[in-house]
Amino acid sequence: MMLFNPADFPSSTKDMADYGNKQISVLLKHFRKEIGGKAPPVCVEGALREFSLFKNHMFDLKVSSFEGLADKILSQEAAFFFLL
């Protein structure tokens, strides 16, 4: 899904605010429904907050591929464990 593809992320903070809002709304519309009388599996407000944090984190990482994303995450994780 393009929504989570690092190559499709905008390069400016101006464009970041609106990026993916339509797509995440479609996902939330589906997953906010009750299933079999049980509570919805997704909290819409929480998901929107998490998506905003995700976008900001991805923008800060400045990667253009899933491989680049994996490299950044793994190198950050290694640096974190080194500090422990």
If a residue has to be modelled with pLDDT of 90 or more, within 26 Å of GLU67 (Cα to Cα) and hydrophobic (A, V, I, L, M, F, W, C) to count, how many in the range 1-26 make the cut?
-> 1
List every residue pair whose Cβ atoms sit under 9 Å apart, with the two residues 6 or more apart in sequence or on different chains, where the first one lies in the range 53-68 and is in a helix (DSSP H, G or I) and the second, anywhere, is basic (Lys, Arg) and surrounded by 11 or more Cβ atoms within 10 Å (Cβ to Cβ).
-> LEU61/LYS72; GLY68/LYS62
Top-ranked residue in the range 1-39 [being part of a helix (DSSP H, G or I) and touching a Phe, Trp or Tyr at 6+ places or on another chain (Cβ under 6 Å); ranked as nearest to PHE59 (Cα to Cα)] = MET16
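Given the structure, is ILE24 among the β-branched types (Val, Ile, Thr), free of Cβ contacts under 8 Å to residues at least 40 places away in the same chain and either in contact with a Leu (Cβ under 7 Å, 6 or more places away or on another chain) or surrounded by 10 or more Cβ atoms within 10 Å (Cβ to Cβ) (or both)?
Yes, satisfied.
The values are calculated or read from the model by the stated rules, or taken from the named source; none is laboratory data. What you are looking at is a predicted structure, and each value in this text was computed from that prediction instead of being measured. Don't worry about glycine lacking a Cβ; one is built from the backbone with ideal geometry, like all the others, and counts go over all protein chains shown.
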